[in-house]
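Read through the structure below, which is laid out as structure tokens, and then see the notes.
The values are calculated or read from the model by the stated rules, or taken from the named source; none is laboratory data. Note that the coordinates shown come from a computational prediction; the quantities given were computed from them, not determined experimentally. Virtual Cβ from ideal backbone geometry, glycine too; neighbours counted across all protein chains shown.
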Amino acid sequence: MRTIEPAILALADEGADRAAAHADRFIDQWTKTAVAFLLMYARQNREFMAESVRVAAEKYGIPPPPDKRAWGCVLRRCKLSGQIEACGVAKQGSRNCHGSYKTVWRLKK
């Protein structure tokens, strides 16, 4: 199994943080709204992937962030605060992911 270097993970975190800050500059309190939606979604769906949350949020009326990587910040914040946890991986169905494996999340008990 391959491991990801800590420096690479730090760069990914920085990119997600920048994307979320950018979203908040263009859409008032976007990150706060997205976190609240993610937690509501998690309470209603036993397991979920980031893409399903993003799609549901847009259908719910939450405007998409200028950069979809902002959702990475939302997921990481909820994970680090102990509200959600990873529970596996599955192939992502969206065309732009080309069937790659992504994290499956759930509300932390």
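When Ile8 is tested against (1) touching a Cys at 6+ places or on another chain (Cβ under 7 Å); (2) modelled with pLDDT under 85, just one condition goes unmet, and that condition is (1).
None of Arg43, Arg54 is over 20 Å from Asp17 (Cβ atoms), part of a helix (DSSP H, G or I) and of a type in the set (Lys, Arg) except Arg43. Scanning region 62-109 for residues that are surrounded by 14 or more Cβ atoms within 10 Å (Cβ to Cβ), farther than 16 Å from Ala19 by Cβ, at pLDDT below 90 and not polar (S, T, N, Q) yields a single hit, Lys102. Which residue, of Ile8, Ile27, is crowded, with 17+ Cβ neighbours inside 10 Å and more than 25 Å from Lys108 (Cβ to Cβ)? Checking each option against the conditions leaves just Ile27. Of the listed requirements (1) under 12 Å from Trp105 (Cα atoms); (2) without any contact (Cβ under 8 Å) to a residue 60 or more places away in the chain; (3) aliphatic (A, V, I, L, M), Ala19 misses just one: (1).
Taking only region 57-109 into account, find how many residues are outside any helix (DSSP H, G or I) and of a type in the set (D, E, K, R). Counting residues in region 57-109 that are outside any helix (DSSP H, G or I) and of a type in the set (D, E, K, R) gives 9.
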